[in-house]
1. Extent of the chain along each principal axis, from alpha carbon coordinates, in Å, largest to smallest?
2. Arrange the peptides 22-34, 90-102, 38-50 so that the one whose residues have, on average, the most other Cβ atoms within 10 Å appears first.
3. Kindly identify the stretch 20-82 as rounded, prolate or oblate by the Cα gyration tensor criterion: order the square roots of the eigenvalues as a ≥ b ≥ c, call it rounded if a/c is under 1.5, otherwise compare a/b with b/c, prolate if a/b is larger, else oblate.
4. Percent of accessible area on the stretch 27-80 owned by carbon and sulfur, 1.4 Å probe?
5. Helix-only estimate, please: 222 nm mean residue ellipticity of the chain, summing -39500 (n - 2.57) across DSSP H runs of length 4 or more and dividing by its residues, to the nearest 500.
6. Full-extension gain between Leu99 and Asp5, please, as 0.36 nm times their residue separation minus the C-alpha to C-alpha distance.
7. Between the stretch 82-104 and the stretch 31-60, how far is it from one alpha carbon centroid to the other, in angstrom?
8. At 18 Å minimum axial length over the Cα atoms and a Kyte-Doolittle cut of 1.6, report the qualifying DSSP H helices in the chain, or say none.
Amino acid sequence: MTNTDPAAAIARDPHAPPEWLATLAHDEDSYVRHLVARNPATPPEALATLAHDEWWGMRCGAAANPRTPPGALAKLAGDEDRTVRLLVARNPSTPPEALATLAGDEDDDDDD
């Protein structure tokens with residue numbers, strides 16, 4: 001893939017029509033889907049789908065996006081990947097119950 005890929009250009013564009021982004025959320029190229037997950041114009045339904053991706057990088061994109069639905073963020077709060085959980089904690093759309101779960105998250109790097 002190159003920087004001239006039209007799908008990637010649309011997926012990256014914050015002014016892209018939401019219906020196009022919803023379609024690109026199912027693109028075969030994981031790079032395009034990742035750009036969709038990070039795009040602030042992506043519809044919540046598409047973000048909910050991307051939040052279930054096997055690749056942690058895709059889940060990071062969804063976890064960081066303020067348009068990700070609260071239910072998807074609550075599920076991501078229990079993600080096995082620590083970076084995903086950190087991004088959920090920073091997301092202003094994360095529901096209070098998920099933040100409470102994250103507040104009890106153990107810090108693997110803490111030696112205290």
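The values are calculated or read from the model by the stated rules, or taken from the named source; none is laboratory data. Treat the numbers as computed from the prediction; the structure is a model and nothing was measured. Here the Cβ is made from the backbone with ideal geometry for all residues, glycine too, and neighbour counts use every protein chain on show. All accessible areas refer to the heavy atoms of the entire protein, side chains included, with ligands and DNA or RNA removed. Shrake-Rupley method; radii C 1.70, N 1.55, O 1.52, S 1.80 Å.
1. 49, 25, 19
2. 38-50, 22-34, 90-102
3. oblate
4. Accessible surface attributable to carbon and sulfur in the stretch 27-80 totals 53 percent.
5. -15000 deg cm²/dmol
6. 30.1 nm
7. That distance is 17 Å.
8. none
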